[in-house]
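First comes the structure, then the notes that go with it.
Nothing in this text is a laboratory measurement; each read-out follows from the coordinates by a stated rule. What you see is a predicted model; the values in this text were computed from it and never measured. No Cβ is skipped: glycine too gets one built from the backbone with ideal geometry, and neighbour counts run over all protein chains shown.
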Amino acid sequence: METDSRIYVAGHKGLVGSAIVRKLQAEGYPNLILRSHKELDLMRQAEVETFFRTEKPEYVFLAAAKVGGILANNTYPAECIYENLLIETNVIHSAYETRVKKLLFLGSSCIYPRDCPQPMREDYLLSGKLEPTNEPYALAKIAGIKMCQAYNRQYGTRFISVMPTNLYGPGDNFDLETSHVLPALIRKFHEAKLNELEGRGGRLEAKEEKQDSASGLKSAWADAPLTSSERSERSSNTSFVTIWGTGAPMREFLHVDDLADACLFLMNHYEDSEIINIGVGKDISISELADLIKDIVGFKGAIHYDRSKPDGTPRKLLDVSKLQALGWQPKISLRQGIEMTYRWYVENMSDK
């Protein structure tokens, strides 16, 4: 991309889109085209077509999507697949019609089969059954990938598709009914810390006891079988945060600013129609992640694992050798990234 190129970032107010905007601005790209949902409804074909004909973007980052955790995907599967399919179809087709020079489509690691070999290579796509809890979202993303590939093959467009791993960072969703595990843990440990400081300890107030099915967290006394140490802690009214499962599942986390850096790198250096993974190439157990966030937040209480609840997929790690071979590496360590995210949460979200 030339520095004076007209660049449209779809979904610029979201976690990914806002990071891409920050990166483009920091790198000296001044001609950014940005529209809020109120200004442009990407599910309305006529609006999208008019926008592209009027604004004539040369490059497009398609980061707009309806996203959520397990609870949201299970509760609103129809909305999830419907809205994502409409957004992708309208933007990709309008990009073709107005001869956009290049488009980058943001997918997700959930496109890979539930029982995919680890680490997950790009050629494992469609090699097995999807995880049922997010199948509608995954199918919509797969449709976006295949649409980009089909347009490239038939029309000679330059549409690329990238598959990021689990993301986090400033601007994340901390709502306990729709958030993913890392931001949910930050909020839970922060609120538990505040309860400690206020001298309540033990059980959080009733308003905080609702289950977070999106991340497998709960701020109340669990009914799971307890170890002797857990019984002792609870009998002494020690404050605690409960996490679903055993804490053994492994997950990979990428700071959203690293993702934005990778997206700009690929927009300038990648031309293949085949998908490409974006991640850090290493993972961490949920229990290790919980211990790390607990330490960063400064929560002094206990962590309990509700072993009566499911663990979910044992491991999700992307194979990023293809991206590394192109010369890109992440810059933000997990601890540094969580510290940055926690500071942002305290300054912007902790009173909401």
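Span-like helices, the chain: DSSP H, alpha-carbon axial extent 20 Å or more, mean Kyte-Doolittle -1.0 or greater, which ones? Result, helices passing both filters: 77-97, 135-155, 181-197, 334-348. Each peptide in 293-301, 176-184 gets a packing score, the mean of other Cβ atoms within 10 Å over its residues, and the list from highest to lowest is 176-184, 293-301.
Spin-label model, Asp4/Lys146: points 7 Å from Cα along the beta carbon direction are separated by 4.3 nm.
Annotation for Asn348 and Tyr155: the two label points, set 7 Å from Cα along the Cα-Cβ direction, are 3.4 nm apart.
If you add up the charges near Tyr151, with Lys and Arg at +1 and Asp and Glu at -1, over every other residue whose beta carbon is less than 13 angstrom from its beta carbon, what do you get?
So the surrounding residues net to +3.
Taking the helices alone, the chain has a mean residue ellipticity at 222 nm of -13000 deg cm²/dmol, built from -39,500 (n - 2.57) per DSSP H run of at least 4 residues and averaged over all its residues.
Would you please put 271-283, 22-34 in order of how densely packed they are, using the mean number of other Cβ atoms within 10 angstrom per residue and starting with the highest?
Ranking, from highest mean packing down: 271-283, 22-34.
Placing a label point 7 Å from the Cα of Asp272 along the Cα-to-Cβ direction, the residues of the range 98-125 with a backbone N closer than 20 Å are 102-113, 117-125. Paramagnetic label reach from Leu126 (point 7 Å along Cα→Cβ; backbone nitrogen cut-off under 14 Å): within the range 133-148, residues 139-148. With the simple spin-label model, which puts each label point 7 Å out from Cα in the Cβ direction, the Leu194 to Gln329 separation comes to 4.0 nm.
Take 130-140, 35-45, 151-161 and order them by the average number of nearby Cβ atoms within 10 Å per residue, most first; the result is 130-140, 151-161, 35-45.
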